[in-house]
Amino acid sequence: MTASPAAPAVHTAAEPLYSGADWDFDTLRRVHAAVEEIALDELGLDVYPNQIEVITTEQMLDAYSSSALPLLYKHWSFGKHFAQHEMLYRKGMRGLAYEIVINSSPCISYVMEENSATMQTLVIAHAAFGHNHFFKNNYLFRQWTDAESILDYLAFAQSYIADCEERYGSLPVERLLDSAHALNSQGVFRYPRKKTPDLRSEQIRALERQEHQERMFNDLWRTVPQAAPKAPDEAAREEERRRSLLQLPQENVLYFLEKTAPNLQNWQREILRIVRNIAQYFYPQRQTKVMNEGCATFVHHTIMTRLHERGLITDGAYLEFLQSHTNVVFQPEFDDPRYSGINPYALGFAMMKDIERVCLDPTDEDRQWFPDIAGCGEPMAVLRDCWANYRDESFVLQFLGPQVMRDLHLFEIEDDADEPMLSVEAIHNERGYRRVREMLARQYDIAWVEPDIQVVDVDLAGNRRLMLQHRVVNGILLDESDAKAVLRHLANLWGYDVALQEVDAVTGMVMKDHEAVPRRRFA
């Protein structure tokens, strides 16, 4: 079922938009219009057109299983995830989200049909305007994603892989996807490159890309060094040309395989491209969880409060909203059995409310920490700038203030494996605040959170072994079993042996070696 957001004139009478928990599509239209007026006119949000989809419990579970994308190719892992989520839900061991939102234009918001009228109002404010604004304006999403074309690209990907299953068999396609999915985390570019073309053109460009890849592939393997000795300067030029053709070192392993794996057919290279394009689509979300959820939570809290102040929702509805909101931003203490880290909703919302306070009613401490915004009187302008120009790590490093650290009881401990006791390294004083802010920001720095693994060389003249390197930070090595499993998938795709060295990022010392050989060929 689809509820069109195209609505009649904004509800202006001083009476509630709805009464009780029941709702219909007319209710959703009135709610959307009232929320939109506050979001655009008062908060100054800039959003994609909205498309609101009302879905069932089973459809929500299905969305969970396929990364919440409205269109996606078939794979056995999606069914496995569906069965797992359904089992936990039926046994009462987990709940379901009130909504899921898609970074696309139009922005698609899935809302549960069992939500009450108040919860539908809340999720429209949260997803259709909070997340929507963040998706459209944050620099990472603008840089890495193509909201205008992602739905068309997903339709192309679904059709292309279904066609491959018909032509080459479902088992070869399934095995290829297994290996590609295993390398998902190493299938993204972490630094800006040339702007990605319009994804709508992918189907047209597939044939052109195939011809180009064949030329590059032939050129690469034509330059395999021969047995005859060469002069040093000629050998150096050959080596430089070889590394240039291979684009070494290469951080995007799936991209490297797509372009240079010697045994893959063209349709297999295109599937690798599909998997890595979808992985790249999710890349900004891994860096903006605190900001994205904080933005949406701040927006829904502000809009629901304004609706209540205008008499458009009742006291009872506002209390229902506050109960749900409080659960969302609840942060268990470190010694609470429910503690599982910093709640991104809690931290993001607390920081954004603190920015609002600093802009409107600063203390002397605030003026010292935030001289550029303290007392400026324009909290929404500051917040819109934050939402557009920061990611989690830089946002925390720039805007986490002493008041939030005190409210959330943040402190730093050192957990040294060689010491029997934990050591408290930073408390609530001037030096401690800055240390806590720095260390918390580092937890959201993707360079610290995700392993830096790059293709560094290929033995073209010998056994064609593919060589990778993991730059180890803080002495944290890869999990042995995971490394072996992923390297086996990598070896299968490459078609020859692969070797991975774990090297200390500071000293350059080799800390561990891994090797794998192919068990099947995708030929």
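Some notes on this structure:
- Any hit, the range 160-172, residues being among the charged types (D, E, K, R) and not in a helix (DSSP H, G or I): no
- Residue that is closer than 18 Å to Phe298 by Cβ, of a type outside the set (Asp, Glu) and crowded, with 19+ Cβ neighbours inside 10 Å, where the choices are Cys376, Cys386: Cys386
- Of the residues making up the range 363-391, those that are β-branched (Val, Ile, Thr) and either touching a Pro at 6+ places or on another chain (Cβ under 7 Å) or part of a helix (DSSP H, G or I) (or both) number 1.
- Residue check for Glu414: acidic (Asp, Glu) and either closer than 28 Å to Arg367 by Cβ or buried (at least 17 other Cβ atoms within 10 Å of the Cβ) (or both): no
- Residue satisfying all of: in the range 357-373; of a type in the set (D, E, K, R) and either without any contact (Cβ under 8 Å) to a residue 40 or more places away in the chain or not assigned by TED's automatic domain parsing to the domain that holds Asp407 (or both); surrounded by the most Cβ atoms within 10 Å (Cβ to Cβ) among these: Asp366
Residue-wise test of (1) assigned by TED's automatic domain parsing to the domain that holds Asp335; (2) closer than 27 Å to Leu272 by Cα; (3) surrounded by fewer than 16 Cβ atoms within 10 Å (Cβ to Cβ).
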residue: Pro420; (1), (2), (3): yes, no, yes
residue: Ala426; (1), (2), (3): yes, no, no
residue: Gly432; (1), (2), (3): yes, no, no
residue: Leu440; (1), (2), (3): yes, no, no
residue: His470; (1), (2), (3): no, yes, no
residue: Leu493; (1), (2), (3): no, yes, no
residue: Asp497; (1), (2), (3): no, yes, no
residue: Leu500; (1), (2), (3): no, yes, no
residue: Thr507; (1), (2), (3): no, no, yes
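- Index of the failed condition, Asp152 passing every other in (1) surrounded by fewer than 18 Cβ atoms within 10 Å (Cβ to Cβ); (2) more than 16 Å from the chain's Cα centre (by Cα); (3) closer than 29 Å to Leu493 by Cβ: (1)
- Flag for Met380 being in the same structural domain as Ala441 (by TED's automatic domain parsing), over 19 Å from Leu440 (Cα atoms), at pLDDT below 95 and among the hydrophobic types (A, V, I, L, M, F, W, C): no
- Only one of Phe330, Phe349, Phe256, Phe282 that is aromatic (Phe, Trp, Tyr) and either over 23 Å from Val449 (Cα atoms) or in the same structural domain as Glu37 (by TED's automatic domain parsing) (or both): Phe330
- Among the residues of the range 119-137, those that are surrounded by fewer than 24 Cβ atoms within 10 Å (Cβ to Cβ) and either of a type in the set (S, T, N, Q) or under 20 Å from Arg306 (Cα atoms) (or both) comprise Met119, Asn137.
- Close contacts from the range 422-435, counting a first residue that is closer than 9 Å to Pro402 by Cα and a second that is surrounded by 13 or more Cβ atoms within 10 Å (Cβ to Cβ) and not charged (D, E, K, R), with Cβ to Cβ under 7 Å and a gap of 6+ residues or different chains, come to His428/Met405; Tyr433/Pro402; Tyr433/Met405.
- When Pro344 is tested against (1) within 22 Å of Leu40 (Cβ to Cβ); (2) in the same structural domain as Leu440 (by TED's automatic domain parsing), only condition (1) is not met.
- Considering residues of the range 244-257 that are in contact (Cβ under 8 Å) with a residue 24 or more places away in the chain and not aliphatic (A, V, I, L, M) only, the residue surrounded by the most Cβ atoms within 10 Å (Cβ to Cβ): Phe256
- Verdict on Ala317 being small (Gly, Ala, Ser), farther than 28 Å from Met405 by Cα and either part of a helix (DSSP H, G or I) or in contact (Cβ under 8 Å) with a residue 12 or more places away in the chain (or both): yes
- Residue, surrounded by the most Cβ atoms within 10 Å (Cβ to Cβ), within the range 288-314, restricted to residues that are free of Cβ contacts under 8 Å to residues at least 40 places away in the same chain and closer than 13 Å to Thr121 by Cβ: His308
To keep it simple, each residue is scored yes or no on (1) at pLDDT 70 or above; (2) under 30 Å from the mean Cα position of the chain (by Cα); (3) not in a helix (DSSP H, G or I).
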{"position": "Ala206", "(1), (2), (3)": "no, yes, no"}
{"position": "Arg209", "(1), (2), (3)": "no, yes, no"}
{"position": "Gln213", "(1), (2), (3)": "no, yes, no"}
{"position": "Leu245", "(1), (2), (3)": "yes, no, no"}
{"position": "Leu264", "(1), (2), (3)": "yes, yes, yes"}
{"position": "Ala279", "(1), (2), (3)": "yes, yes, no"}
{"position": "Arg286", "(1), (2), (3)": "yes, yes, no"}
{"position": "Glu293", "(1), (2), (3)": "yes, yes, no"}
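- Any pair with Cβ under 7 angstrom, 6 or more apart, that starts in the range 148-162 at a residue that is among the aromatic types (Phe, Trp, Tyr) and ends at one that is surrounded by fewer than 19 Cβ atoms within 10 Å (Cβ to Cβ) and in a helix (DSSP H, G or I): Phe156/Gln203
The values are calculated or read from the model by the stated rules, or taken from the named source; none is laboratory data. No experiment lies behind these values; they were computed from the predicted model shown. Backbone-built Cβ (ideal geometry, glycine too); neighbour counts: all protein chains shown.
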